[in-house]
Amino acid sequence: MTTQARAAICQGPGKDFTLEHVQLDDLRGDEILVRMVASGICHTDMAVRDRQLPTPLPAVLGHEGAGIVEAVGSNVTSVAAGDRVLMSFNSCGHCPSCDVSAPTYCYNFFPHNFAGARADGSATITQGGETVSGNFFGQSSFASHAIAHQRNVVKIPDSASDIPLERLAPIGCGLMTGAGAVLRSMDVRAGMPIAIFGVGTVGLAAVMAAKIAGANPIIAVDMHDSRLDLAKELGATHTISARGDAMGQIAQLVPQGLAYAFDTTGVKKVIEGVFPLIAPKGILGLVGASAPTDDLVLNESSLMGGGKRVIGILGGDSDVGAFLCELIAYHARGEFPFDRLIRYFPFEKINEAIEASESGEVVKPVLRISAE
Ligand SMILES: [Zn+2]
Ligand SMILES: [Zn+2]
């Protein structure tokens, strides 16, 4: 049965999102209909609006959804109607990466997340018979209802029943990425130094995770003093302004070198600048999006001789369900206070929320879509 939904439609660069009525397709066997309670807003949504990602427009974006299951397809066993759920990225489930529980590196990531339709090309969202791009990150959560999939929907454990869904909404993207980079991809060791470049959502999640891992010192570097202040409150032992000689200050602070450096900026100068500061066996983790034309120049004998590793990281090597539940548990214990990053906006104020994010006024805007 077709579901009527109210969705925020992205029209393209320089244009406001418009709230309109759309129709959601019948559920397939592995699909889940979720009534959205809240959705975080992320830079990737803006990257589609600004055409840095080729998802066709108009589109219903949004990929940090939280809500309540309304209906499930015939093959779904992981959740049932009435369950409180979070949504994250989607994956195929049958490629060499998915086979080893590394779905962030799914060989078929694009068709399952960015194509604007199901992987088989069929539309999940229409408006008066015309196709609107949907299935964004397997969800398109800027809407009253979303079609998601068994592979990207996570049931919130009963132990977290007292945590509001709207707070948990943004866990499945940038927070998971930053925390996973530290706890999984780089597997940061206690007592070892880490520097984190750029402390927006991803970098601040990395700061909190570095504290959980017991890294020391935890050095945060950013252009904005207000973000550095927040990084300090969340666990950074040292903060350094990127406006000065950040690399020189780090070299003084950790003369033996950095066991870990985590770059969220994607800026070539930053990545190449920190590489000589990496200690033997150290890891430089990269998560920032650089320009497609950017190549890195790194000294080979330093890379080889130091046994250093430079690694690209997607989604913090999250395996979705298990890792999100781990993060919820950290939050419940007060060790992952990511709610400090959030400001809530009514769904109708989506354009103001985007503006507040782009101006740097708000780290993580979350839209309130319906009451829990
Ligand atoms: Zn995102
Ligand atoms: Zn896959």
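Couple of notes before you dig in:
- Residue check, Gly116 open to solvent by less than 20 Å² (accessible area, probe 1.4 Å), farther than 19 Å from Gly29 by Cβ and assigned by TED's automatic domain parsing to the domain that holds Ala47: yes
- Just one of (1) in a loop (DSSP other than H, G, I, E, B); (2) more than 16 Å from ligand 1 (Cβ to nearest atom); (3) in contact (Cβ under 8 Å) with a residue 24 or more places away in the chain fails for Ala117. It is (3).
- Criterion (touching a Ser or Thr at 6+ places or on another chain (Cβ under 6 Å) and buried (at least 24 other Cβ atoms within 10 Å of the Cβ)) met by exactly one of Val188, Val221, Val207, Val202: Val202
- Residues in segment 45-56 that are open to solvent by 20 Å² or more (accessible area, probe 1.4 Å) and out of contact with any helix residue (DSSP H, G or I) (no Cβ under 8 Å at 6 or more places or on another chain): Arg49, Asp50, Arg51, Gln52, Pro54, Pro56.
Yes or no, residue by residue, for (1) over 29 Å from Arg151 (Cα atoms); (2) at pLDDT below 95; (3) surrounded by 15 or more Cβ atoms within 10 Å (Cβ to Cβ); (4) over 18 Å from the mean Cα position of the chain (by Cα):
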site: Phe275; (1), (2), (3), (4): yes, no, yes, yes
site: Lys281; (1), (2), (3), (4): yes, no, no, yes
site: Ala291; (1), (2), (3), (4): yes, yes, no, yes
site: Ile313; (1), (2), (3), (4): no, no, yes, no
site: Glu326; (1), (2), (3), (4): no, no, yes, no
site: Phe338; (1), (2), (3), (4): no, no, yes, no
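Table: residues versus (1) in contact with a Pro (Cβ under 7 Å, 6 or more places away or on another chain); (2) within 18 Å of Pro54 (Cβ to Cβ); (3) open to solvent by 30 Å² or more (accessible area, probe 1.4 Å); (4) within 16 Å of ligand 1 (Cβ to nearest atom).
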{"residue": "Gly93", "(1), (2), (3), (4)": "no, no, yes, no"}
{"residue": "Phe109", "(1), (2), (3), (4)": "no, yes, yes, yes"}
{"residue": "Thr131", "(1), (2), (3), (4)": "no, yes, yes, no"}
{"residue": "Phe136", "(1), (2), (3), (4)": "no, yes, no, yes"}
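- Gly62 fulfils the conditions (1) part of a loop (DSSP other than H, G, I, E, B); (2) closer than 21 Å to Thr201 by Cβ; (3) modelled with pLDDT under 95 except for a single criterion, (3).
- Scanning segment 220-276 for residues that are more than 18 Å from Val207 (Cα to Cα) and of a type in the set (S, T, N, Q) yields a count of 3.
The values are calculated or read from the model by the stated rules, or taken from the named source; none is laboratory data. Note that this is a predicted model, so its numbers are computed, not measured. Here the Cβ is made from the backbone with ideal geometry for all residues, glycine too, and neighbour counts use every protein chain on show. Keep in mind that these areas ignore ligands, DNA and RNA; they rest on the heavy atoms of the full protein, side chains included. Shrake-Rupley method; radii C 1.70, N 1.55, O 1.52, S 1.80 Å.
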